[in-house]
1. Based on this model, can you work out whether Ile69 counts as among the hydrophobic types (A, V, I, L, M, F, W, C), crowded, with 16+ Cβ neighbours inside 10 Å and closer than 25 Å to Asn144 by Cβ?
2. Please determine whether any residue of the range 137-144 is closer than 30 Å to Ile68 by Cβ, touching a residue at least 12 places away in the same chain (Cβ under 8 Å), open to solvent by less than 70 Å² (accessible area, probe 1.4 Å) and in contact with a helix residue (DSSP H, G or I) (Cβ under 8 Å, 6 or more places away or on another chain).
3. Kindly evaluate Glu94 against the criterion of being within 15 Å of the chain's Cα centre (by Cα), closer than 26 Å to Ile120 by Cβ and either surrounded by fewer than 16 Cβ atoms within 10 Å (Cβ to Cβ) or among the charged types (D, E, K, R) (or both).
4. Hey, could you check the range 72-91 for residues that are among the polar types (S, T, N, Q) and closer than 20 Å to Tyr19 by Cβ and say which is surrounded by the most Cβ atoms within 10 Å (Cβ to Cβ)?
5. Please count how many residues of the range 116-125 are open to solvent by less than 10 Å² (accessible area, probe 1.4 Å) and either under 14 Å from Gly14 (Cα atoms) or touching an Asp or Glu at 6+ places or on another chain (Cβ under 6 Å) (or both).
Amino acid sequence: MGRLICILGKSASGKDTIYRRLLLDTQMRVEPMVTCTTRPMRDGETDGVEYHFCSVEQMKKLEEEGCIIEMRTYDTTEGLWYYFTADDGSVDLEKNDYIIIGTVESYEKLRDYFGKEKVIPIYITLDNGERLSRALMRERVRKNPDYEEMCRRFLADEKDFSDIRLEEAGITKRFYNMNLDNAIAGIKEYLAQTGGDPQSGYQS
């Protein structure tokens, strides 16, 4: 039976880098489950890699067809942005393992849709000071930095990934990402030892 590995974490915690490293790891043998968004594509992003970038009209059509598993809306400095996961028939958890980046809310919806034993939450954490430093460095190199939106995301994450919210979702295991290689090694060992149970096995 395949599993869906759900990478979660606040902004600038390193979840995107960890996602890419696990995806490229030949020992892991996981396939990407790419989510969708209506936000504009950022510098360095590719459609179908980080996200499927689509219009609000395309999103509404998928919603009418009953293809959307979960959806989140963010009131940003550039207007409403939608992030969602669609079931397009490409995911077969009977045959393959998949990996996805999500939020606590999206994890809960995916867990309810595919089954608790098939969806494994991997929560990435990091000190707020280090996260803010990394977020600033990332924003400075962009063609059009948006520091206001960066701050909005940073503050919103404190609520979205609060200890109470994580506990409500049953997410108790955390992976500290001050050292990328150590974090990835811990995640791989955890996945190898827990099998289909996200709450047992390796403890860092």
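1. Here the answer is no, as Ile69 does not meet what is asked.
2. Looking for residues that are closer than 30 Å to Ile68 by Cβ, touching a residue at least 12 places away in the same chain (Cβ under 8 Å), open to solvent by less than 70 Å² (accessible area, probe 1.4 Å) and in contact with a helix residue (DSSP H, G or I) (Cβ under 8 Å, 6 or more places away or on another chain), one finds none in the range 137-144, hence no.
3. Considered against the rule, which asks whether it is within 15 Å of the chain's Cα centre (by Cα), closer than 26 Å to Ile120 by Cβ and either surrounded by fewer than 16 Cβ atoms within 10 Å (Cβ to Cβ) or among the charged types (D, E, K, R) (or both), Glu94 comes out as no.
4. Checking each candidate, the answer is Thr85.
5. Within the range 116-125, residues that are open to solvent by less than 10 Å² (accessible area, probe 1.4 Å) and either under 14 Å from Gly14 (Cα atoms) or touching an Asp or Glu at 6+ places or on another chain (Cβ under 6 Å) (or both) number 3.
Yes/no per residue for (1) hydrophobic (A, V, I, L, M, F, W, C); (2) over 29 Å from Tyr74 (Cα atoms):
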| site | (1), (2) |
| --- | --- |
| Val104 | yes, no |
| Tyr107 | no, no |
| Leu126 | yes, no |
| Glu158 | no, no |
| Gly195 | no, yes |
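For every residue, the table says whether it meets (1) of a type in the set (Val, Ile, Thr); (2) farther than 23 Å from Phe161 by Cα; (3) at pLDDT 95 or above.
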residue	(1), (2), (3)
Thr38	yes, no, yes
Phe53	no, yes, yes
Val56	yes, yes, yes
Glu65	no, yes, no
Leu80	no, no, yes
Ser90	no, yes, no
Glu108	no, no, yes
Arg111	no, no, yes
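The values are calculated or read from the model by the stated rules, or taken from the named source; none is laboratory data. Since the structure is predicted, the reported quantities are computational estimates derived from the model, not experimental observations. Because the Cβ atoms are built from the backbone with ideal geometry, glycine has one as well, and the counts that use them run over all protein chains shown. Quick note on the areas: whole protein, heavy atoms, side chains included, nothing else; ligands and nucleic acids left out. Shrake-Rupley method; radii C 1.70, N 1.55, O 1.52, S 1.80 Å.
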